[in-house]
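First up is the structure itself, then whatever we jot down about it.
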Amino acid sequence: MKSKVVAILETRTGAHLGELITRRGGIPLLAPALEEVPDVDPQAVVSLLAQWRINPFKIVIFQTGVGTRALFQATDAAGLTGELLQHLSSSVVVVRGPKPVGELNAREVRIDIRAATPFTTETVLAAVSEMPVRGAPVLVQRYGETNQRLREALEERGASVQEIATYRWALPADIRPLNALLDALAQSRVDAVVFTSAVQIHNLYAAAEQAGRASQLAGQLNGLVIASIGPVCSRALRGYGVTPSFEASPPKLGPLVAGLDEALSVHR
């Protein structure tokens, strides 16, 4: 990828991803596309635990590390972490990926079921497919938005699903880097764009809408190498008419950068 300009929309690990690209000779263009805004309602947490005492959740699904951490920080502040841990010890604890595992291990929470790679909604559903859930209360730690697919699939099986919000996704407060990326795309100064979450394409389009550039965006992206971290991200891209050049397998930064290097070596 020598001298190729690679746009990076990742926020938390964007600098690290940029370093990996620089080591291979690429030129990273950082344009963070999302901000994780804490969205834990302390009263909602208190009410949740009060409800839990009366009607215990049979299954608790943790979807993200940052959301799991935010939930425990909220119970820490309310002095209710001990009660949450006691409730979890009597529930079936399901995790979507390795990041919530780390947070739960730090709290010494027993993990009963782990979704398989690539840690999608589909693999979560497959992991609990043999569990009887009809009439069972299920708690889902929400990530930046409602996981409608997960909720509907569980409810179709007869579960009673409740979500607890811990954070939400928003456009960054400073969208100048995103606007600079839109300029670079319009001027054909970008060779590849790396997408590491579905919300990044949503927010890139939101910024393009604000700038009056949304109608040209898919055409501009489809002329480049489009790197996708995994199937959820790829599905979101296709929803906007953008075709991923490749999908990392497994969905991790190492395979993503290796795939990007290979794709750029043959891209003209």
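The values are calculated or read from the model by the stated rules, or taken from the named source; none is laboratory data. Treat the numbers as computed from the prediction; the structure is a model and nothing was measured. Positions of Cβ are generated from backbone atoms using ideal geometry, with glycine treated the same way; all protein chains shown enter the neighbour counts.
What number of residues in segment 165-184 are in a loop (DSSP other than H, G, I, E, B), over 20 Å from L217 (Cα atoms) and touching a residue at least 60 places away in the same chain (Cβ under 8 Å)?
Number satisfying all stated conditions: 2.
Could you tell me whether S188 is among the hydroxyl-bearing types (S, T, Y), part of a helix (DSSP H, G or I) and surrounded by fewer than 18 Cβ atoms within 10 Å (Cβ to Cβ)?
Criteria not met by S188.
Look at segment 73-99 and say how many of its residues are under 22 Å from T13 (Cβ atoms) and either modelled with pLDDT under 95 or of a type in the set (K, R) (or both).
Residues that pass the stated criteria total 5.
Given the structure, is V138 part of a strand (DSSP E or B) and among the aliphatic types (A, V, I, L, M)?
Considered against the rule, which asks whether it is part of a strand (DSSP E or B) and among the aliphatic types (A, V, I, L, M), V138 comes out as yes.
Do the conditions hold for Q210, that is, is it in the same structural domain as L71 (by TED's automatic domain parsing), closer than 27 Å to T146 by Cβ and surrounded by fewer than 18 Cβ atoms within 10 Å (Cβ to Cβ)?
Taking the combined requirement at face value, the residue does not satisfy it.
When you check A136 against the structure, is it touching a residue at least 60 places away in the same chain (Cβ under 8 Å) and more than 25 Å from P251 (Cβ to Cβ), yes or no?
yes
Which pairs turn up if I take residues in segment 86-100 that are farther than 28 Å from K252 by Cβ and look for partners that are of a type in the set (F, W, Y) and surrounded by 19 or more Cβ atoms within 10 Å (Cβ to Cβ) with beta carbon separation below 8 Å, at least 6 apart in sequence or on another chain?
Partner pairs satisfying both residue conditions: H87/W52; H87/F57; S91/F57.
Determine whether segment 168-177 contains at least one residue that is surrounded by 16 or more Cβ atoms within 10 Å (Cβ to Cβ) and closer than 25 Å to L260 by Cα.
Among the residues of segment 168-177, at least one is surrounded by 16 or more Cβ atoms within 10 Å (Cβ to Cβ) and closer than 25 Å to L260 by Cα, which makes the answer yes.
Can you tell me which of (1) loosely packed, with under 15 Cβ neighbours inside 10 Å; (2) under 29 Å from E247 (Cβ atoms) is the one A77 doesn't meet?
Going through the list (1) loosely packed, with under 15 Cβ neighbours inside 10 Å; (2) under 29 Å from E247 (Cβ atoms), A77 breaks only (2).
Going residue by residue through segment 242-253, is there one that turns out to be at pLDDT 95 or above, exposed (fewer than 15 other Cβ atoms within 10 Å of the Cβ), more than 21 Å from G18 (Cβ to Cβ) and hydrophobic (A, V, I, L, M, F, W, C)?
no
E10: within 19 Å of P177 (Cα to Cα), under 17 Å from the mean Cα position of the chain (by Cα), outside any loop (DSSP other than H, G, I, E, B) and not basic (K, R), yes or no?
Against the criterion (within 19 Å of P177 (Cα to Cα), under 17 Å from the mean Cα position of the chain (by Cα), outside any loop (DSSP other than H, G, I, E, B) and not basic (K, R)), E10 does not qualify.
Residues in segment 104-157 that are over 29 Å from T81 (Cβ atoms), in contact with a Ser or Thr (Cβ under 9 Å, 6 or more places away or on another chain) and aliphatic (A, V, I, L, M): how many?
Residues flagged as over 29 Å from T81 (Cβ atoms), in contact with a Ser or Thr (Cβ under 9 Å, 6 or more places away or on another chain) and aliphatic (A, V, I, L, M) within segment 104-157 amount to 2.
State all residues of segment 213-222 that are in contact (Cβ under 8 Å) with a residue 12 or more places away in the chain and surrounded by fewer than 22 Cβ atoms within 10 Å (Cβ to Cβ); if no residue qualifies, say none.
R213, Q216, A218, Q220, N222
Which of the residues that make up segment 193-210 are modelled with pLDDT of 95 or more and not in a helix (DSSP H, G or I)?
Hits for segment 193-210 are V193, V194, F195.
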